[in-house]
Amino acid sequence: MPVLVMKFGGTSVATLDRIRRAAKRVGVEVAKGYDVIVIVSAMSGKTNELVGWVGETSPLFDAREYDAVVSSGENVTAGLMALTLQEMDVPARSWQGWQVPVQTTSAHSAARIEDIPPENIMAKFAEGMKVAVVAGFQGVSPEGRITTLGRGGSDTTAVAFAAAFNAERCDIYTDVDGVYTTDPRVSAKARKLDRIAFEEMLELASLGAKVLQTRSVELAMRYKVKLRVLSSFEEQSDDAGTLVCDEEEIMESNVVAGVAFSRDEAKMTLVSVADRPGIAAKIFTALSDGGVNVDMIVQNIAEEGRTDMTWSCPTDQVARAQKAVEDAKTDGIINYQEVIADRDVAKVSVVGIGMRSHTGVAAKMFEVLSAEGINIQVITTSEIKISVLIDRKYMELAVQALHDAFELEKAA
Ligand code: ADP
Ligand code: ASP
Ligand code: MG
């Protein structure tokens, strides 16, 4: 039997009614002759609640116990989905990550899937089971502990199953009906894309568009998984939603495919560090050893042999970054006057493979922001994206102005 993977996100399984609605969609595919692997998220809000409980109990928590707690939301929805399907006379069984097993690294709270041996589930399909409901977001480490895959990780579970079972397609059911030119909650003019290239989706996801977890797009690209994003709230035809595919499968596209943004950025500045060779290496080695993911970097103009060094990192790593540079100062590795953390910033990015062959996108982006009176604090670019760090209060304005200026509401 051909295998289909269907993933339902938090809002799509938020109530028993919605689980029933999702189960009906699964029933439709079973009736077409598919063996279906359903990946479920926790009910919406549940994972946030669990994360909050862990933080309240233990601020510098043991990541193994964090995973034990925050993975539990998915266990509930997996069991409920299997029961709902059984009530509809669809032979179904639920599986937690360790039962499959979804084998991961031991990087707790950010584990990577290493392998998913398909034998156990395949044997059940051979016995007549039609649906394997699998708890998303979780796996098991080589040490036998429960792991989680990072926030939004159920998308990655889904794509990894599609690759492991050679599925015909991986359908990601969510609360929007596809991938848009920007988050439709921020711009009313956002337009749904019928197709988007893997590379563009990868950039949009890693720059903040949380509709797909970045790692899921990487896996889909590597294993050539046919990946589709669609709504769990609407009746669906076979070509509904957005197909994430190879660049060659897209006929026409705009130079800029989309605008992404992230509120989870902080800007940190080391004031008055010595301006001499090797200093940047020392600062960023200290940060990296401290487990800080530095994103953007600028070194300000030097005066009298001293300079300011600025970088951005995720807001929840500010404390770690502070400790890393303070320790390096205590150890005499670096010297600076003070360290300043600014959490009131946001990153806004434009993304498009058309930028490889078109010049002027950066100039236009900066002009648009300047016309709105928005000051750019830090800039980074790659072949297919330009990102700027700005004052957070202008984030929505910047997204809307860029969406207008690049005419993203119009198809190519
Ligand atoms: P799920 O719980 O189904 O995994 P998520 O909340 O993780 O859903 O992702 C869906 C959300 O992603 C949408 O509700 C939307 O607000 C947001 N989003 C951000 N950028 C985009 C985009 N470019 N296209 C579509 N949705 C986007
Ligand atoms: N429930 C997890 C989260 O909220 C995983 C997911 O939904 O993808 O991050
Ligand atoms: Mg998600």
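The values are calculated or read from the model by the stated rules, or taken from the named source; none is laboratory data. Since we're looking at a predicted model, the values are computed, not measured. Here Cβ is always computed from backbone atoms with ideal geometry, including for glycine, and neighbour counts include all displayed protein chains. Just the protein is used for accessible areas: all its heavy atoms, side chains included, with ligands, DNA and RNA removed. Shrake-Rupley method; radii C 1.70, N 1.55, O 1.52, S 1.80 Å.
Structure notes:
- Cβ pairs under 9 Å, 6+ apart, first in the stretch 293-306 and in contact (Cβ under 8 Å) with a residue 24 or more places away in the chain and of a type outside the set (S, T, N, Q), second open to solvent by 60 Å² or more (accessible area, probe 1.4 Å) and assigned to a strand (DSSP E or B): M296/I379; V298/I379
- Residue check, G291 of a type in the set (G, A, S), more than 16 Å from ligand 2 (Cβ to nearest atom) and at pLDDT below 95: yes
- Hey, S370 under 24 Å from M201 (Cβ atoms), among the hydroxyl-bearing types (S, T, Y) and open to solvent by 10 Å² or more (accessible area, probe 1.4 Å) or not: no
- Leading residue by the ranking (nearest to V26 (Cα to Cα)) among those in the stretch 61-83 that are within 16 Å of ligand 3 (Cβ to nearest atom), part of a helix (DSSP H, G or I) and not aliphatic (A, V, I, L, M): T77
- Boolean, S272 is over 24 Å from A209 (Cα atoms), in contact with a Phe, Trp or Tyr (Cβ under 9 Å, 6 or more places away or on another chain), among the hydroxyl-bearing types (S, T, Y) and surrounded by fewer than 19 Cβ atoms within 10 Å (Cβ to Cβ): yes
- Complete set of residues in the stretch 186-214 that are touching a residue at least 60 places away in the same chain (Cβ under 8 Å), closer than 20 Å to K7 by Cα and touching an Asp or Glu at 6+ places or on another chain (Cβ under 8 Å): L212, Q213
- Qualifying residue in the stretch 119-128 (condition: farther than 21 Å from A14 by Cα and either touching a Phe, Trp or Tyr at 6+ places or on another chain (Cβ under 6 Å) or among the β-branched types (V, I, T) (or both)): yes
- When the stretch 18-60 is limited to residues that are of a type in the set (A, V, I, L, M), open to solvent by less than 50 Å² (accessible area, probe 1.4 Å) and assigned to a helix (DSSP H, G or I), the one that is farthest from ligand 2 (Cβ to nearest atom) turns out to be V30.
- Residues that are open to solvent by less than 60 Å² (accessible area, probe 1.4 Å), outside any strand (DSSP E or B), more than 29 Å from K210 (Cα to Cα) and not hydrophobic (A, V, I, L, M, F, W, C) within the stretch 301-331 comprise just one, G305.
- Residue list for the stretch 133-178, filter: part of a loop (DSSP other than H, G, I, E, B), within 16 Å of ligand 3 (Cβ to nearest atom) and among the small types (G, A, S): G136, G150, G152, G153, G178
- Breaking point among (1) out of contact with any helix residue (DSSP H, G or I) (no Cβ under 9 Å at 6 or more places or on another chain); (2) open to solvent by 40 Å² or more (accessible area, probe 1.4 Å); (3) free of Cβ contacts under 8 Å to residues at least 60 places away in the same chain, for Y180: (3)
- Just one of (1) surrounded by fewer than 19 Cβ atoms within 10 Å (Cβ to Cβ); (2) within 28 Å of E234 (Cβ to Cβ); (3) in contact (Cβ under 8 Å) with a residue 24 or more places away in the chain fails for A63. It is (2).
- Odd one out for Y223, checked against (1) farther than 30 Å from V186 by Cβ; (2) within 16 Å of ligand 3 (Cβ to nearest atom): (2)
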